[in-house]
Amino acid sequence: LKNLAVKVAHMFGRKIDPHKPIIGEKIFYCETGLHLQGLKKDTSTYEPYPPEMVGARRKLQYGSKIGRKEVYNCLRGMKVNPANFNLDEMVQFIWRRAKLIGRPLKRKELQFILSSISNR
C-alpha cells in the first residue's frame, strides 16, 4: 500500500505528510520517554500493527523528551552502573545537546555521549 501511495502521490506532484497514518514515513518514530518505555515493554501499547506490515520501520529517538528511566536503562545496557552518576544532569545534557543540533539523538549518539560522560 505504501509503495502504491508513494507512486500515486509522485504522479500527481503531491507529497505525503510524514505523519500520515499507515503510509507516512514517520508514523513509527518515537521520542517521548513514556512512549519509549511502553514500546520496549510491549509494542502493541502504542502500535496497532508492526511497522513492517506497511513497509515502515520503528525509529526510537532521544531528545528533549527523554527521561531518567531511559538514561538509566541505556547505561545498564552499556554495562555501566547508573548509581555512580547524576541522572538528572545527564538528562539535562542530552536535552541541551538535542536542542543544539536541532533534532533528537540516535541511539548510537546517545550511547556515545553517555560513555563519554561515564569515562570522565
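Numbers below:
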item: Single residue of Leu39, Leu34 found to be within 30 Å of Ser116 (Cβ to Cβ), open to solvent by 60 Å² or more (accessible area, probe 1.4 Å) and aliphatic (A, V, I, L, M); result: Leu34
item: Filter pass, Arg96 being assigned to a helix (DSSP H, G or I), surrounded by fewer than 15 Cβ atoms within 10 Å (Cβ to Cβ) and charged (D, E, K, R); result: yes
item: Region 1-53 - residue that is farther than 21 Å from Val71 by Cβ and among the hydroxyl-bearing types (Ser, Thr, Tyr) and, of those, farthest from the chain's Cα centre (by Cα); result: Tyr49
item: So Arg76, is it exposed (fewer than 13 other Cβ atoms within 10 Å of the Cβ) and more than 18 Å from Lys108 (Cβ to Cβ); result: no
item: Residue match in region 51-69 (condition: open to solvent by 40 Å² or more (accessible area, probe 1.4 Å) and free of Cβ contacts under 8 Å to residues at least 12 places away in the same chain); result: yes
item: Subset of region 27-69 (residues that are part of a helix (DSSP H, G or I), closer than 21 Å to Ala98 by Cα and modelled with pLDDT under 85); result: Gly33, Leu34, His35, Leu36, Gln37
item: First in region 1-24 and assigned to a helix (DSSP H, G or I), second anywhere and small (Gly, Ala, Ser), Cβ under 6 Å, 6 or more apart; result: Lys2/Gly55
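Yes/no matrix, rows are residues, columns are (1) within 19 Å of Arg107 (Cβ to Cβ); (2) out of contact with any strand residue (DSSP E or B) (no Cβ under 9 Å at 6 or more places or on another chain):
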{"site": "Leu4", "(1), (2)": "no, yes"}
{"site": "Ala9", "(1), (2)": "no, yes"}
{"site": "His19", "(1), (2)": "no, no"}
{"site": "Ile22", "(1), (2)": "no, yes"}
{"site": "Lys26", "(1), (2)": "yes, no"}
{"site": "Lys40", "(1), (2)": "yes, no"}
{"site": "Pro48", "(1), (2)": "no, yes"}
{"site": "Lys59", "(1), (2)": "yes, no"}
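The values are calculated or read from the model by the stated rules, or taken from the named source; none is laboratory data. This is a predicted model, so every value here is computed, not measured. Reconstructed Cβ throughout: ideal geometry from the backbone, glycine too, with neighbour counts over all protein chains shown. Accessible surface is based on the protein model in full, side chains and every heavy atom, while ligands, DNA and RNA are left aside. Shrake-Rupley method; radii C 1.70, N 1.55, O 1.52, S 1.80 Å.
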